[in-house]
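J.: The structure under discussion is supplied below as structure tokens; questions concerning it will follow.
Each reported figure results from applying straightforward, stated rules to the coordinates on display, with no laboratory input. Not measured: the values here are computed from a predicted model. Note that each Cβ is placed from the backbone with ideal geometry, even for glycine, and that neighbours are counted across all protein chains shown.
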């Protein structure tokens, strides 16, 4: 018994439609799980930022105990400063993979959202989804840019304190420390600005997570 080409085409089309109808709900249901996975990486990044900030604050305190001559033992404080600087850089370096993981998850998340929006047949609803996608992606990108700016400020601050630490290396006395007063003032001003930037990035991330959670 021969089957007409037209009948075969109708069967193939019907199978395709059924496949789409079956796949679409599954993809939609996967959305909340993907959102949760993405937000988990954001929270991991926020935690890393908090740990880096706390260590940096410790470094600044040790530095000030030397420049303000409040440390009980300047030589011991100088050694502690070297350790604090190294630990501050380590904390920031350890946070790098967290940021990479977050950016990878973000790329996958927004790509999936774009594909999901494109599958909406209602033009008005599809446009609304695309607009919310653009808004969400723009907010995330803004936070990422702010994070990079904070990282650059951190690197500048570390360069300053390492230079001053080297300066004091073979000249660790009251006279040499006193000569760093202008540098200490600039250092603390930069540190204060960096703490503000870091707190700003953390708040933006926190607000973003709250706005995206179900």
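J.: According to a simple spin-label model (label point 7 Å from Cα along Cα-to-Cβ), what is the distance in nm between residue 73 and residue 141?
T.: So the label points at residue 141 and residue 73 sit 5.4 nm apart.
J.: Output the 0 to 90 degree angle, nearest 10, between the alpha-carbon long axis of helix 74-118 and the longest principal axis computed from the alpha carbons of the chain.
T.: Relative to the chain, helix 74-118 is tipped by roughly 10 degrees.
J.: Based on other C-beta atoms within 10 Å, arrange 135, 130 from fewest to most.
T.: Listed from fewest to most nearby Cβ atoms, that is 135, 130.
J.: A further question follows. For residue 58 and residue 192 in the same chain, what is the full-extension length gain: residue separation times 0.36 nm, less their Cα-Cα distance, in nm?
T.: On the way: separation 134, 0.36 × 134 = 48.24 nm, distance 1.31 nm.
Length gained between residue 58 and residue 192: 46.9 nm.
J.: Quick one: helix 5-67 against the long Cα principal axis of the chain, what's the angle to the nearest 10°, folded into 0 to 90?
T.: 10
J.: I've got another one for you. Considering only C-alpha atoms, what is the centroid distance from the stretch 88-126 to the stretch 132-206, in Å?
T.: When both Cα centres are located, 27 Å separates them.
J.: Can you tell me how much longer the chain between residue 124 and residue 94 gets when fully stretched, taken as 0.36 nm per residue apart minus their C-alpha distance, in nm with one decimal?
T.: Contour length minus Cα-Cα distance gives 6.4 nm.
J.: Can you give the alpha-carbon Rg of the stretch 32-212 over 2.2 N^0.38 Å, where N counts its residues?
T.: Taking the Cα Rg and dividing by 2.2 N^0.38 Å, one obtains 1.36.
J.: In nm, what is the difference between 0.36 nm times the number of residues separating residue 203 and residue 43 and their Cα-Cα distance?
T.: Gain on extension, residue 203 to residue 43, equals 56.5 nm.
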